[in-house]
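Participant: Quick one: the structure is below, and I'll ask about it shortly.
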Amino acid sequence: MLNACTTGEAATSNIAPLKSHIDFPLGICAMTAQMDDPQWKSMVATHFDRITPEWEMKMEYILQPDGSLRFDAPDRIVRQARLNRQTVFGHTLIWYAQDGEHFQKLKGDRAEFEIAYRAYISGVMNHYKGHVDGWDVVNEPIRDDGSDLRDCLWREVLGDAYIDIAYRAAHEADPACPLVLNDYNLEYYPAKRKRFLQLVEGMMTRGTPLHVLGTQTHIAADLPRGAITQTIRELAATGLKIHLSELDISLKEAAKNALDFRNYRDAQRALIEEAAEAYAALPSGQRFGLTIWGLRDKDSWYNRENRGVRPDEPLLFDDKGALKPLGQAFVKALG
Ligand code: G3I
(Lines give C-alpha, C1' and ligand atoms only; values in the text may rest on other atoms or scores of the structure.)
Protein backbone atom coordinates (compact mmCIF):
# COMPACT_ATOMS: atom_id res chain seq x y z
CA MET A 1 0.00 0.00 0.00
CA LEU A 2 1.21 3.52 -0.62
CA ASN A 3 2.42 5.63 2.27
CA ALA A 4 1.65 9.32 2.18
CA CYS A 5 4.87 11.17 1.39
CA THR A 6 5.88 14.50 2.78
CA THR A 7 9.29 15.40 1.33
CA GLY A 8 10.52 15.38 -2.23
CA GLU A 9 13.32 12.94 -1.50
CA ALA A 10 11.07 10.46 0.26
CA ALA A 11 8.52 10.98 -2.47
CA THR A 12 10.48 9.11 -5.06
CA SER A 13 11.75 6.29 -2.92
CA ASN A 14 9.18 5.05 -0.44
CA ILE A 15 6.12 4.36 -2.56
CA ALA A 16 5.47 1.24 -4.61
CA PRO A 17 5.67 1.76 -8.39
CA LEU A 18 2.27 2.98 -9.59
CA LYS A 19 2.42 0.47 -12.44
CA SER A 20 2.71 -2.39 -9.91
CA HIS A 21 -0.91 -1.80 -8.86
CA ILE A 22 -2.25 -2.04 -12.40
CA ASP A 23 -2.69 -4.90 -14.87
CA PHE A 24 -2.70 -2.72 -18.00
CA PRO A 25 -0.02 -0.36 -19.38
CA LEU A 26 0.32 2.89 -17.41
CA GLY A 27 1.76 5.62 -19.61
CA ILE A 28 3.19 9.10 -19.23
CA CYS A 29 4.06 11.77 -21.78
CA ALA A 30 7.67 12.89 -22.11
CA MET A 31 9.98 15.27 -23.91
CA THR A 32 13.76 15.34 -24.18
CA ALA A 33 13.90 18.64 -22.26
CA GLN A 34 12.78 16.68 -19.16
CA MET A 35 15.26 13.85 -19.55
CA ASP A 36 18.16 15.65 -17.84
CA ASP A 37 16.12 16.10 -14.64
CA PRO A 38 17.27 13.28 -12.31
CA GLN A 39 14.07 13.17 -10.28
CA TRP A 40 11.89 13.16 -13.40
CA LYS A 41 14.03 10.39 -14.94
CA SER A 42 13.95 8.22 -11.82
CA MET A 43 10.22 8.61 -11.21
CA VAL A 44 9.25 7.95 -14.83
CA ALA A 45 11.44 4.83 -14.89
CA THR A 46 9.89 3.62 -11.62
CA HIS A 47 6.20 4.27 -12.10
CA PHE A 48 5.35 3.85 -15.81
CA ASP A 49 5.31 1.13 -18.49
CA ARG A 50 4.86 3.32 -21.57
CA ILE A 51 6.10 6.67 -22.88
CA THR A 52 4.20 8.97 -25.25
CA PRO A 53 6.45 11.68 -26.76
CA GLU A 54 4.57 14.86 -25.84
CA TRP A 55 5.53 16.73 -29.04
CA GLU A 56 8.78 15.47 -30.56
CA MET A 57 7.26 12.60 -32.53
CA LYS A 58 4.84 15.00 -34.22
CA MET A 59 5.12 16.66 -37.62
CA GLU A 60 6.09 19.96 -35.93
CA TYR A 61 9.40 18.37 -34.91
CA ILE A 62 10.05 15.66 -37.49
CA LEU A 63 9.08 17.31 -40.83
CA GLN A 64 11.53 19.87 -42.18
CA PRO A 65 10.50 22.62 -44.67
CA ASP A 66 12.31 20.78 -47.50
CA GLY A 67 10.35 17.58 -46.76
CA SER A 68 13.21 15.79 -45.02
CA LEU A 69 12.61 14.07 -41.68
CA ARG A 70 14.63 14.43 -38.48
CA PHE A 71 14.42 11.88 -35.71
CA ASP A 72 17.15 12.79 -33.21
CA ALA A 73 14.90 13.85 -30.32
CA PRO A 74 12.24 11.10 -30.61
CA ASP A 75 15.06 8.55 -31.08
CA ARG A 76 16.49 9.69 -27.74
CA ILE A 77 13.11 9.11 -26.09
CA VAL A 78 12.88 5.63 -27.68
CA ARG A 79 16.41 4.74 -26.52
CA GLN A 80 15.70 5.85 -22.94
CA ALA A 81 12.42 3.94 -22.87
CA ARG A 82 14.14 0.79 -24.09
CA LEU A 83 16.74 1.10 -21.33
CA ASN A 84 13.84 1.28 -18.84
CA ARG A 85 12.08 -1.66 -20.49
CA GLN A 86 9.22 0.67 -21.39
CA THR A 87 7.24 0.76 -24.63
CA VAL A 88 6.77 3.91 -26.70
CA PHE A 89 3.43 5.06 -28.08
CA GLY A 90 3.57 6.98 -31.36
CA HIS A 91 1.83 10.36 -31.16
CA THR A 92 0.83 11.55 -33.77
CA LEU A 93 1.13 11.22 -37.54
CA ILE A 94 -1.71 13.36 -38.94
CA TRP A 95 -3.19 16.28 -36.97
CA TYR A 96 -5.24 19.25 -38.16
CA ALA A 97 -3.10 21.48 -35.95
CA GLN A 98 0.20 20.85 -37.74
CA ASP A 99 0.79 20.59 -41.50
CA GLY A 100 4.06 22.34 -42.27
CA GLU A 101 5.50 24.36 -45.13
CA HIS A 102 6.31 21.24 -47.15
CA PHE A 103 2.66 20.26 -47.49
CA GLN A 104 1.40 23.83 -47.88
CA LYS A 105 3.64 24.11 -50.97
CA LEU A 106 2.08 20.98 -52.48
CA LYS A 107 -1.58 21.73 -51.86
CA GLY A 108 -2.17 22.84 -55.43
CA ASP A 109 -1.38 19.37 -56.82
CA ARG A 110 -3.51 16.62 -55.30
CA ALA A 111 -1.53 13.73 -56.79
CA GLU A 112 1.81 15.10 -55.57
CA PHE A 113 0.26 15.97 -52.22
CA GLU A 114 -1.05 12.43 -51.71
CA ILE A 115 2.33 10.94 -52.63
CA ALA A 116 4.01 13.17 -50.04
CA TYR A 117 1.26 12.43 -47.47
CA ARG A 118 1.73 8.66 -47.83
CA ALA A 119 5.51 9.09 -47.89
CA TYR A 120 5.45 11.00 -44.60
CA ILE A 121 3.33 8.34 -42.90
CA SER A 122 5.40 5.43 -44.22
CA GLY A 123 8.67 7.25 -43.61
CA VAL A 124 7.91 7.85 -39.93
CA MET A 125 6.24 4.45 -39.42
CA ASN A 126 9.18 2.60 -41.02
CA HIS A 127 11.67 4.51 -38.88
CA TYR A 128 9.89 3.37 -35.71
CA LYS A 129 8.77 -0.07 -36.92
CA GLY A 130 9.24 -2.52 -34.07
CA HIS A 131 9.95 0.30 -31.61
CA VAL A 132 6.43 1.54 -30.88
CA ASP A 133 3.39 -0.30 -29.53
CA GLY A 134 0.84 1.80 -31.40
CA TRP A 135 0.27 5.04 -33.30
CA ASP A 136 -2.26 7.83 -33.12
CA VAL A 137 -2.56 7.87 -36.91
CA VAL A 138 -5.12 10.71 -37.03
CA ASN A 139 -5.55 12.99 -34.04
CA GLU A 140 -8.65 15.14 -33.29
CA PRO A 141 -10.62 14.68 -36.55
CA ILE A 142 -14.02 15.90 -35.24
CA ARG A 143 -15.30 19.47 -34.80
CA ASP A 144 -16.09 20.29 -31.14
CA ASP A 145 -19.76 20.90 -32.03
CA GLY A 146 -19.91 17.40 -33.54
CA SER A 147 -21.37 18.78 -36.77
CA ASP A 148 -18.75 17.30 -39.09
CA LEU A 149 -15.14 16.35 -39.58
CA ARG A 150 -12.80 19.22 -38.76
CA ASP A 151 -11.59 21.33 -41.63
CA CYS A 152 -7.85 20.99 -42.17
CA LEU A 153 -5.30 20.96 -44.97
CA TRP A 154 -5.53 17.18 -45.25
CA ARG A 155 -9.30 17.27 -45.79
CA GLU A 156 -9.06 20.31 -48.07
CA VAL A 157 -6.79 18.49 -50.52
CA LEU A 158 -7.70 14.82 -50.12
CA GLY A 159 -11.32 15.13 -49.01
CA ASP A 160 -12.83 13.05 -46.20
CA ALA A 161 -10.80 10.12 -47.56
CA TYR A 162 -7.68 11.64 -45.92
CA ILE A 163 -8.49 9.52 -42.87
CA ASP A 164 -8.82 6.16 -44.64
CA ILE A 165 -5.75 6.93 -46.78
CA ALA A 166 -3.74 7.57 -43.61
CA TYR A 167 -4.80 4.36 -41.84
CA ARG A 168 -4.27 2.22 -44.95
CA ALA A 169 -0.81 3.75 -45.50
CA ALA A 170 0.04 3.18 -41.83
CA HIS A 171 -1.13 -0.43 -41.97
CA GLU A 172 0.88 -1.08 -45.14
CA ALA A 173 3.99 0.34 -43.46
CA ASP A 174 3.61 -1.75 -40.31
CA PRO A 175 0.85 -4.37 -40.44
CA ALA A 176 1.57 -5.44 -36.85
CA CYS A 177 1.15 -1.97 -35.35
CA PRO A 178 -2.09 -1.14 -33.46
CA LEU A 179 -3.59 1.93 -35.15
CA VAL A 180 -5.45 4.44 -32.99
CA LEU A 181 -8.00 7.20 -33.64
CA ASN A 182 -7.67 9.80 -30.86
CA ASP A 183 -9.81 12.78 -29.89
CA TYR A 184 -10.63 15.06 -26.95
CA ASN A 185 -13.80 16.42 -25.26
CA LEU A 186 -15.66 13.21 -26.05
CA GLU A 187 -16.83 13.22 -22.41
CA TYR A 188 -17.89 16.90 -22.57
CA TYR A 189 -19.84 16.89 -25.81
CA PRO A 190 -22.20 13.97 -26.57
CA ALA A 191 -22.69 15.33 -30.13
CA LYS A 192 -18.94 15.17 -30.70
CA ARG A 193 -18.83 11.67 -29.26
CA LYS A 194 -21.68 10.62 -31.55
CA ARG A 195 -19.94 12.01 -34.65
CA PHE A 196 -16.67 10.36 -33.56
CA LEU A 197 -18.46 7.02 -33.26
CA GLN A 198 -20.11 7.55 -36.66
CA LEU A 199 -16.64 8.01 -38.17
CA VAL A 200 -15.46 4.86 -36.38
CA GLU A 201 -18.46 2.86 -37.60
CA GLY A 202 -17.85 3.98 -41.17
CA MET A 203 -14.16 3.03 -40.97
CA MET A 204 -15.04 -0.39 -39.58
CA THR A 205 -17.69 -0.94 -42.27
CA ARG A 206 -15.16 0.00 -44.98
CA GLY A 207 -12.59 -2.36 -43.48
CA THR A 208 -10.20 0.50 -42.73
CA PRO A 209 -7.50 -0.84 -40.39
CA LEU A 210 -8.40 0.65 -36.98
CA HIS A 211 -7.67 -1.17 -33.71
CA VAL A 212 -7.91 1.27 -30.80
CA LEU A 213 -9.95 4.35 -29.84
CA GLY A 214 -8.19 7.08 -27.86
CA THR A 215 -10.18 9.35 -25.58
CA GLN A 216 -7.78 12.01 -24.34
CA THR A 217 -9.68 12.95 -21.16
CA HIS A 218 -8.22 16.42 -20.65
CA ILE A 219 -10.91 17.43 -18.19
CA ALA A 220 -11.60 20.06 -15.51
CA ALA A 221 -12.72 19.37 -11.96
CA ASP A 222 -16.24 20.63 -12.69
CA LEU A 223 -17.01 17.93 -15.28
CA PRO A 224 -20.34 16.33 -14.31
CA ARG A 225 -19.94 12.88 -12.74
CA GLY A 226 -20.75 9.97 -15.03
CA ALA A 227 -19.61 11.58 -18.29
CA ILE A 228 -16.30 9.69 -18.31
CA THR A 229 -18.00 6.38 -17.55
CA GLN A 230 -20.60 6.92 -20.29
CA THR A 231 -17.90 7.83 -22.80
CA ILE A 232 -15.74 4.80 -22.05
CA ARG A 233 -18.81 2.55 -22.22
CA GLU A 234 -19.93 3.93 -25.61
CA LEU A 235 -16.45 3.69 -27.12
CA ALA A 236 -16.00 0.15 -25.77
CA ALA A 237 -19.33 -0.91 -27.34
CA THR A 238 -17.51 -0.81 -30.71
CA GLY A 239 -15.50 -3.80 -29.52
CA LEU A 240 -12.23 -1.94 -30.20
CA LYS A 241 -9.55 -1.47 -27.56
CA ILE A 242 -9.63 1.78 -25.59
CA HIS A 243 -6.72 4.11 -24.77
CA LEU A 244 -7.42 6.69 -22.08
CA SER A 245 -4.68 8.68 -23.69
CA GLU A 246 -3.96 12.08 -22.08
CA LEU A 247 -5.50 12.19 -18.61
CA ASP A 248 -5.19 15.34 -16.52
CA ILE A 249 -7.78 17.11 -14.35
CA SER A 250 -7.45 20.89 -14.23
CA LEU A 251 -8.45 22.79 -11.12
CA LYS A 252 -7.79 26.14 -12.76
CA GLU A 253 -10.21 25.49 -15.66
CA ALA A 254 -12.89 24.78 -13.05
CA ALA A 255 -12.08 27.32 -10.37
CA LYS A 256 -12.87 30.95 -10.95
CA ASN A 257 -9.86 32.16 -8.96
CA ALA A 258 -7.00 30.81 -6.92
CA LEU A 259 -9.14 30.65 -3.78
CA ASP A 260 -11.61 28.34 -5.47
CA PHE A 261 -9.06 25.53 -5.76
CA ARG A 262 -10.14 24.43 -2.28
CA ASN A 263 -13.70 23.95 -3.44
CA TYR A 264 -12.75 21.67 -6.34
CA ARG A 265 -10.28 19.24 -4.84
CA ASP A 266 -12.90 16.71 -3.74
CA ALA A 267 -14.52 16.81 -7.18
CA GLN A 268 -11.10 16.36 -8.80
CA ARG A 269 -10.45 13.26 -6.68
CA ALA A 270 -13.90 11.89 -7.44
CA LEU A 271 -13.29 12.32 -11.18
CA ILE A 272 -9.95 10.53 -11.16
CA GLU A 273 -11.53 7.70 -9.20
CA GLU A 274 -14.31 7.54 -11.81
CA ALA A 275 -11.82 7.48 -14.67
CA ALA A 276 -9.74 4.75 -13.01
CA GLU A 277 -12.74 2.62 -12.06
CA ALA A 278 -14.48 2.97 -15.43
CA TYR A 279 -11.27 2.08 -17.24
CA ALA A 280 -10.45 -0.85 -14.97
CA ALA A 281 -14.00 -2.17 -15.48
CA LEU A 282 -13.33 -2.70 -19.20
CA PRO A 283 -12.75 -6.29 -20.32
CA SER A 284 -8.99 -6.89 -20.09
CA GLY A 285 -8.83 -7.50 -23.85
CA GLN A 286 -10.03 -3.93 -24.44
CA ARG A 287 -7.64 -2.17 -22.08
CA PHE A 288 -4.95 -0.76 -24.38
CA GLY A 289 -3.67 1.43 -21.55
CA LEU A 290 -4.07 4.61 -19.55
CA THR A 291 -1.70 7.55 -20.06
CA ILE A 292 -1.28 10.52 -17.75
CA TRP A 293 -0.38 13.77 -19.49
CA GLY A 294 2.56 14.77 -17.30
CA LEU A 295 4.43 13.66 -14.18
CA ARG A 296 4.48 16.54 -11.65
CA ASP A 297 2.16 19.55 -11.69
CA LYS A 298 5.01 21.75 -12.90
CA ASP A 299 5.49 19.43 -15.91
CA SER A 300 1.92 19.96 -17.12
CA TRP A 301 1.24 21.69 -20.44
CA TYR A 302 -1.24 23.78 -18.44
CA ASN A 303 1.72 25.31 -16.57
CA ARG A 304 4.01 25.62 -19.60
CA GLU A 305 3.29 29.08 -20.86
CA ASN A 306 1.91 31.34 -18.21
CA ARG A 307 1.73 29.90 -14.74
CA GLY A 308 -0.29 33.00 -13.84
CA VAL A 309 -1.29 33.93 -10.29
CA ARG A 310 -1.37 30.31 -9.27
CA PRO A 311 -0.15 27.29 -11.25
CA ASP A 312 -2.61 24.56 -12.06
CA GLU A 313 -2.53 21.24 -10.17
CA PRO A 314 -3.82 18.65 -12.71
CA LEU A 315 -1.46 15.71 -12.12
CA LEU A 316 -0.73 12.90 -9.64
CA PHE A 317 2.56 14.21 -8.22
CA ASP A 318 3.36 17.63 -6.74
CA ASP A 319 6.33 19.76 -7.80
CA LYS A 320 8.57 18.03 -5.23
CA GLY A 321 7.71 14.61 -6.63
CA ALA A 322 5.42 13.61 -3.75
CA LEU A 323 2.30 11.59 -4.59
CA LYS A 324 -0.61 13.93 -3.93
CA PRO A 325 -3.96 12.85 -2.45
CA LEU A 326 -5.14 12.90 -6.11
CA GLY A 327 -2.49 10.31 -6.92
CA GLN A 328 -3.38 8.27 -3.83
CA ALA A 329 -7.04 8.28 -4.92
CA PHE A 330 -6.03 7.15 -8.43
CA VAL A 331 -4.03 4.20 -7.13
CA LYS A 332 -6.63 3.25 -4.53
CA ALA A 333 -9.32 3.18 -7.22
CA LEU A 334 -7.17 0.87 -9.36
CA GLY A 335 -5.62 -1.19 -6.57
O1 G3I B 1 10.87 23.04 -25.82
C2 G3I B 1 10.82 23.81 -27.02
C3 G3I B 1 11.77 24.98 -26.90
O4 G3I B 1 13.11 24.50 -26.84
C5 G3I B 1 11.61 25.87 -28.12
O6 G3I B 1 12.43 27.01 -27.99
C7 G3I B 1 10.14 26.30 -28.21
C8 G3I B 1 9.89 27.20 -29.39
O9 G3I B 1 9.87 26.43 -30.55
O10 G3I B 1 9.33 25.12 -28.38
C11 G3I B 1 9.41 24.29 -27.24
O12 G3I B 1 8.66 23.14 -27.53
C13 G3I B 1 7.27 23.29 -27.37
C14 G3I B 1 6.80 22.08 -26.55
O15 G3I B 1 5.39 22.04 -26.43
C16 G3I B 1 7.41 22.07 -25.16
O17 G3I B 1 6.98 23.19 -24.47
C18 G3I B 1 6.60 23.26 -28.74
O19 G3I B 1 6.95 24.43 -29.45
C20 G3I B 1 5.09 23.19 -28.56
O21 G3I B 1 4.46 23.06 -29.84
C22 G3I B 1 4.74 21.95 -27.73
O23 G3I B 1 3.34 21.98 -27.48
C24 G3I B 1 2.76 20.68 -27.29
C25 G3I B 1 1.44 20.69 -28.07
O26 G3I B 1 0.72 19.46 -27.86
C27 G3I B 1 1.68 20.85 -29.56
O28 G3I B 1 2.51 19.80 -30.00
C29 G3I B 1 2.48 20.47 -25.80
O30 G3I B 1 3.71 20.31 -25.10
C31 G3I B 1 1.64 19.21 -25.62
O32 G3I B 1 1.26 19.05 -24.25
C33 G3I B 1 0.37 19.28 -26.47
O34 G3I B 1 -0.28 18.04 -26.33
C35 G3I B 1 -1.55 17.94 -27.00
C36 G3I B 1 -1.63 16.56 -27.63
O37 G3I B 1 -0.57 16.39 -28.55
C38 G3I B 1 -2.99 16.38 -28.31
N39 G3I B 1 -4.07 16.60 -27.33
C40 G3I B 1 -4.02 17.92 -26.68
C41 G3I B 1 -2.67 18.09 -25.97
C42 G3I B 1 -2.62 19.40 -25.22
O43 G3I B 1 -2.68 20.46 -26.13
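The values are calculated or read from the model by the stated rules, or taken from the named source; none is laboratory data. Quick caveat, the model's predicted, so the values are computed rather than measured. Here the Cβ is made from the backbone with ideal geometry for all residues, glycine too, and neighbour counts use every protein chain on show. Ligands, DNA and RNA are excluded from the accessible area calculation, which covers all protein heavy atoms including side chains. Shrake-Rupley method; radii C 1.70, N 1.55, O 1.52, S 1.80 Å.
Participant: Tell me, what HN-Hα J-couplings in whole Hz come from the Karplus equation 6.51 cos²θ - 1.76 cosθ + 1.60 at θ = phi - 60° for each residue of region 61-69, using x for Gly and Pro?
Facilitator: Each residue of region 61-69 in turn: 9, 6, 7, 8, x, 8, x, 6, 10 Hz.
Participant: From Cα pairs below 8 angstrom and at least 6 apart in sequence, can you work out the relative contact order of the chain, rounded to a whole percent? Numbers along the way, then the final one.
Facilitator: Details: 618 pairs, mean separation 58.2, N = 335.
Reported relative contact order: 17 percent.
Participant: Please tell me which of these pairs span more than 29 angstrom C-alpha to C-alpha: LYS256/LYS320; LYS298/LYS332; LYS192/LYS324; LYS107/LYS241; LYS194/LYS332; LYS192/LYS332? Walk me through the numbers on the way to the answer.
Facilitator: Details: LYS256/LYS320 26 Å; LYS298/LYS332 23 Å; LYS192/LYS324 32 Å; LYS107/LYS241 35 Å; LYS194/LYS332 32 Å; LYS192/LYS332 31 Å.
LYS192/LYS324; LYS107/LYS241; LYS194/LYS332; LYS192/LYS332, as the Cα separations exceed 29 Å there.
Participant: Using a cut-off of under 20 Å, list every residue of region 155-174 whose amide N is near the label point 7 Å from the Cα of ARG110 along the Cα-to-beta-carbon line.
Facilitator: 155-169
Participant: Helix 162-173 sits at what angle to the longest principal axis of the chain, using alpha carbons and giving 0 to 90 degrees rounded to 10?
Facilitator: Around 90 degrees separate the two axes.
Participant: Please work out the C-alpha center-to-center distance from region 17-64 to region 234-293 and express it in whole Å.
Facilitator: 18
Participant: When a/c is below 1.5 the answer is rounded, else prolate if a/b is larger than b/c, else oblate, so apply that to region 37-195 with a ≥ b ≥ c taken from the square roots of the Cα gyration tensor eigenvalues.
Facilitator: Values: a/c = 1.97, a/b = 1.34, b/c = 1.47.
Cα axes put region 37-195 in the oblate bin.
Participant: Report, for the chain, the % of DSSP beta bridges that are antiparallel, rounded to 5. Don't skip to the answer; put the middle values down first.
Facilitator: Details: 4 of 37 bridges.
Bridges in the chain that DSSP calls antiparallel: roughly 10 percent.
Participant: Send over a whole-number figure in Å² for the accessible area per residue of the chain, probe 1.4 Å. Walk me through the intermediate numbers first.
Facilitator: On the way: 13470 Å² over 335 residues.
That works out to 40 Å² per residue.
Participant: Related question: Compute the acute angle (0 to 90°) between the alpha-carbon long axis of helix 110-127 and the principal axis of greatest extent of the alpha-carbon atoms of the chain; round to the nearest 10°.
Facilitator: Between the helix axis and the principal axis of the chain, the angle is about 40 degrees.
Participant: Before rounding to the nearest 500, sum -39500 (n - 2.57) across all DSSP H runs of length at least 4 in the chain and divide by the residue total; then give [θ] at 222 nm in deg cm²/dmol. Display every interim value, and only then the final one.
Facilitator: Numbers: 12 runs with 131 residues, N = 335.
One gets -12000 deg cm²/dmol as the mean residue ellipticity at 222 nm.
Participant: Then there's this: So what does log10 I(q)/I(0) come out to for the chain at q = 0.13, 0.14 Å⁻¹, using the Debye formula with one equal point on every Cα and no solvent?
Facilitator: Debye output, listed in q order: -0.99, -1.15.
Participant: Let me ask another. Would you mind telling me which residue in ASP222, ASP318, ASP260 has the biggest mean-square fluctuation in a Gaussian network model of the chain, where springs connect alpha carbons within a distance under 10 angstrom?
Facilitator: Most flexible of the set in this elastic network: ASP260.
Participant: If one takes the longest principal axis of the Cα atoms in the chain, at what angle in degrees, from 0 to 90 and to the nearest 10, does the Cα axis of helix 261-280 lie?
Facilitator: 60
Participant: Now a separate question. Given springs between every Cα pair under 10 Å in a Gaussian network model of the chain, which of ASN182, ASN257, ASN139 has the largest fluctuation?
Facilitator: Between ASN182, ASN257, ASN139, it is ASN257 that shows the largest mean-square fluctuation.
Participant: Now, a different point. Could you work out the per residue convex hull volume over the alpha carbons of region 76-136, in cubic angstrom?
Facilitator: Details: hull volume 5.5 nm³, N = 61.
Spread over its residues, the Cα hull of region 76-136 gives 90 Å³ apiece.
Participant: Shifting gears a bit: Under the rule of at least 5 residues apart or a separate chain, name every residue whose amide H is placed under 5 Å from the amide H of SER250.
Facilitator: HN-HN under 5 Å from SER250: ILE219, ALA220, ALA221.
Participant: For region 295-300, just list the computed ³J(HN,Hα) in residue order, Karplus coefficients 6.51, -1.76 and 1.60, θ = phi - 60°, integers in Hz, with x standing in for Gly and Pro.
Facilitator: Once rounded to whole Hz, the list reads 8, 9, 3, 5, 7, 5.
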